[in-house]
Structures are given as C-alpha cells and as structure tokens.
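These notes are about the structure you will find just below.
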Amino acid sequence: MNWVKTFQTEDIPRQRALVCKIEHTNVAIFRTINDEIFALEDRCPHRGGPLSQGIVFGQRVACPLHDWVIALDTGQAVAPDQGCSKKYDVKIEQGFVWIDFESVHPESSEFIASADST
C-alpha cells in the first residue's frame, strides 16, 4: 500500500471535488452531500474530460464535456455509456483524506476515445 495524505475533509466542498497530483496523475477527490469521500482519476472514460469540474449528485458525477455519468463508488460509466475511470481506495484519519495510490482497481482502467464518440 502507498497511502498519500491529501486534503482535510472539510476543505472539500460538499457535492464538489478537489484535485491533487500524485505521481503525474490528477486525482479528483469527491465529497457527496452525505460526506462520503471518493477518489477517481480526473479523466472521463469518454473523451478525457475533467470529472472534478462535473456536477456531483448522489454517488455520481456528470462529466462537464458530454454529460456522461460516472459512479463515484466504482468509476464505472452508467448505462447506456460504457467504460470506467480509475478508482482509488480512500480512508479518513484525523480529518485528512488519504488515498492508496497503489490501489487502482484494474477493472477501472478502460479508456474509450473513438473518433465517432460524442
């Protein structure tokens, strides 16, 4: 495990995300209205849009580029969309969010970017 200390939980606005760079990767740390914390690579599986700038609702985020919806708990695109964003394990200790950067889930590494996708 490779736990990396990031932001204080309270610094992440509810229904928003903050981005940190870990080993040349932008990671979006999301906080839901219910104070749940999730970490995904800040890249939509469709065209690489910045998920951190999307609209968070429930346990999902809508990409700001083409409105693809991504589940925060799995990184999977919600049907009918396909693909997934890399998801990282998180823990909260003493008010800080920690990300296990080695925990990237291999099932969430597919990136779809075709010329005919919209």
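The values are calculated or read from the model by the stated rules, or taken from the named source; none is laboratory data. Every value quoted in this text rests on a predicted model; they were computed, and no experiment measured them. FYI the Cβ positions are ideal-geometry reconstructions off the backbone, even for glycines, and counts take in every protein chain you see. Note: accessible area is taken over every heavy atom of the protein model, side chains too, but ligands, DNA and RNA are not part of it. Shrake-Rupley method; radii C 1.70, N 1.55, O 1.52, S 1.80 Å.
Descriptive notes on the structure:
- Any hit, the range 58-67, residues being touching a residue at least 12 places away in the same chain (Cβ under 8 Å), open to solvent by less than 50 Å² (accessible area, probe 1.4 Å) and touching a Cys at 6+ places or on another chain (Cβ under 6 Å): yes
- Scanning the range 39-57 for residues that are surrounded by 23 or more Cβ atoms within 10 Å (Cβ to Cβ), under 9 Å from the mean Cα position of the chain (by Cα), within 26 Å of Gly95 (Cα to Cα) and of a type outside the set (Asp, Glu) yields Ala39, Leu40, Leu51.
- Residues being touching a residue at least 24 places away in the same chain (Cβ under 8 Å) and on the phi > 0 side of the Ramachandran plot - total across the range 10-43: 3
- Tally, over the range 18-31, of residues that are over 14 Å from Lys87 (Cα atoms) and surrounded by 19 or more Cβ atoms within 10 Å (Cβ to Cβ): 1
- Matching residues, the range 16-33, being more than 9 Å from the chain's Cα centre (by Cα) and closer than 20 Å to Gln76 by Cβ: Thr25, Asn26, Arg31, Thr32
- Hey, Asp73 in contact with a strand residue (DSSP E or B) (Cβ under 8 Å, 6 or more places away or on another chain), free of Cβ contacts under 8 Å to residues at least 60 places away in the same chain, more than 17 Å from Cys20 (Cβ to Cβ) and acidic (Asp, Glu) or not: yes
- Selected residue (only one of Phe96, Phe101 is touching a helix residue (DSSP H, G or I) at 6+ places or on another chain (Cβ under 9 Å) and either modelled with pLDDT of 95 or more or open to solvent by less than 70 Å² (accessible area, probe 1.4 Å) (or both)): Phe96
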